[in-house]
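Some notes on the structure that comes next.
The values are calculated or read from the model by the stated rules, or taken from the named source; none is laboratory data. Note that this is a predicted model, so its numbers are computed, not measured. Please note: Cβ atoms are built from the backbone with ideal geometry, for glycine as well, and neighbour counts cover all protein chains shown. Side chains are part of the model used for accessible areas, which takes the heavy atoms of the whole protein and leaves out ligands, DNA and RNA. Shrake-Rupley method; radii C 1.70, N 1.55, O 1.52, S 1.80 Å.
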Amino acid sequence: MNTAAFIMFLAIVALTLVITYWASKKNNSPSEFYTAGGGLTGWQNGMAIAGDYMSAASFLGIAGSIALAGFDGFFYSIGFLVAYLVVLFLVAEPLRNLGKYTFADMIAVRFKTAKIRGFAAFNTMVISIFYMIAQLVGAGALIKLLLGIDFATSVIIVGILMTVYVTFGGMHATSWVQITKAVLLMAGTLLISILVLHKFNWSITGMFDQVKEATPLKEKFLDPGVKYKDGLDTLSLTMGLVLGTAGLPHILVRFFTVKNAKIARSSVVYATWIIGLFYVMTIFLGFGAAAFVGNGDITAADKAGNMAAPLLAQALGGNMLFAFVSAVAFATILAVVAGLVLTAAAAFSHDFYNQILRKGKATEKQQVNMARYASIGISVISIILALFAQNLNVAFLVSLAFAVAASANLPVILYTIFWRRFNTNGAIWAMVVGLIASVGLVIVSPNVFHPEAGKAMFVGQPWFPLTTPGIVSIPLGFIAGFVGTMLSRKTGKADNQVEYDEILVRSNTGMGNTVM
């Protein structure tokens, strides 16, 4: 066991628990629990969004992917960053103007039916669980490496901690844990990047020249096609990454934690700058790991390469830097999973329990209590599923969540905002077909079934040849929404619920939103 790492782990946990205790005193209503009462400023929410987004996939998974696959690993950095342009220009402001607590609230403004809210809430929980699996896999590998605790126990420990944060702290605790983690992660990544550049004599071109000789791939390290040999697979991955962010529930809910659309928009600008700087530095993490840790040591610690960044820190700065970076990675995982659990729990409590089962008549105390119970249930499900995904790269696991979000949520969001004839039938078709197509194709893909043992969950021949489903499932989601709408008889109005003109005005101005 690494004593320094263990002490820093305890310090991180202690700090986050103090934040949770402070935040627990502020949770007197569903608004406070779900969205921190809409009281975050632009820079605070921007930092929290960045903290939410710079997950285990970003810090652990991307560094490992670049170190092992070179240019192909950098696809994740490019896709994750470009995705925020879609969020900024198409989603952030209308979503804040239309919604209240959850993604389903925004859709329900136009379509006031239990079916719509139910499907939207279900999609939220599925996507959140997919994303959580990636974080828990990263946490299990990290704690196993540092503390010598087996993978299953490590995952359970993280699951318990994330449940505590959400159950007692709500969105206040989750936001401030994310802000704290974002500061620590940026500091740790910047320090490692500086050390890597120093090792390469402060020459970026020299780094590119030297890293080719340090990896088994040689010249191919800087060329595309090492990991994604099929052009369709590359396009499918990129589509999911670029379009998926705008449909991720735990990112969307962050726009409800501020007072108005203007602050929501400024939050995205802050977040984009922070995230952009971070993803530029993932090049140094990946190249540094390839050059100073080596392919053999990276895969020996974790087959998927998830421990490349901590091992690089150890190679450059010894056990103390290794301990600090590992503790920061641990904080990264805790912050993200807390946000995911809270988002999924809010969908269950606010949308299923209060709006559907109780017809909007549940008391504030009942809603918050149900959200806490849901947090426990969702954590247990995620832990169980994560135990079967131990050998998969966390950046890849997150890309699957992005593909589901882009296929099942994004079509409904864009059609709701921009298409006058869109109706209930189209919304249901888009959500159901997008979800079934994306999840179904993942289940029969090479990630779940592979002819060679140890490369997927099960040994077998995959039915779907691509590793990510986006190129098929995303168009299917949009097509299903269009066809479902056109086959419906009611086309003049949004199912006689709310005039589209009212939706258009409200999405652009916020007029009529009771939480403005």
| query | Does N425 count as open to solvent by 20 Å² or more (accessible area, probe 1.4 Å), touching a Gly at 6+ places or on another chain (Cβ under 8 Å) and either within 25 Å of I107 (Cβ to Cβ) or not polar (S, T, N, Q) (or both)? | reply | yes
| request: Scan segment 384-420 for residues that are open to solvent by 10 Å² or more (accessible area, probe 1.4 Å) and modelled with pLDDT of 80 or more and jot them down. | output: I384, L385, L387, L414, Y415, F418, W419, R420
| task | Look through V211, V196, V158 and report the one residue that is under 19 Å from V398 (Cβ atoms) and either in a helix (DSSP H, G or I) or modelled with pLDDT of 85 or more (or both). | result | V158
| said: Here are the criteria: (1) assigned to a helix (DSSP H, G or I); (2) surrounded by fewer than 24 Cβ atoms within 10 Å (Cβ to Cβ). Tell me which single one N201 does not satisfy. | reply: (1)
| task | Assess whether A313 counts as being within 24 Å of the chain's Cα centre (by Cα) and surrounded by 22 or more Cβ atoms within 10 Å (Cβ to Cβ). | result | no
| task | Go through segment 22-61 and give me each residue that's modelled with pLDDT of 85 or more, open to solvent by less than 10 Å² (accessible area, probe 1.4 Å) and either of a type in the set (V, I, T) or touching a strand residue (DSSP E or B) at 6+ places or on another chain (Cβ under 6 Å) (or both). | result | I49
| request: Go through segment 110-128 and give me each residue that's at pLDDT below 85 and open to solvent by 10 Å² or more (accessible area, probe 1.4 Å). | output: K112, T113
| task | Can you run down the residue pairs with Cβ atoms below 7 Å, 6 or more apart or on separate chains, where the first is in segment 380-391 and farther than 14 Å from F458 by Cβ and the partner is among the charged types (D, E, K, R)? | result | none
| query | How about segment 143-176: which of its residues are aromatic (F, W, Y) and over 21 Å from the mean Cα position of the chain (by Cα)? | reply | F151, F168
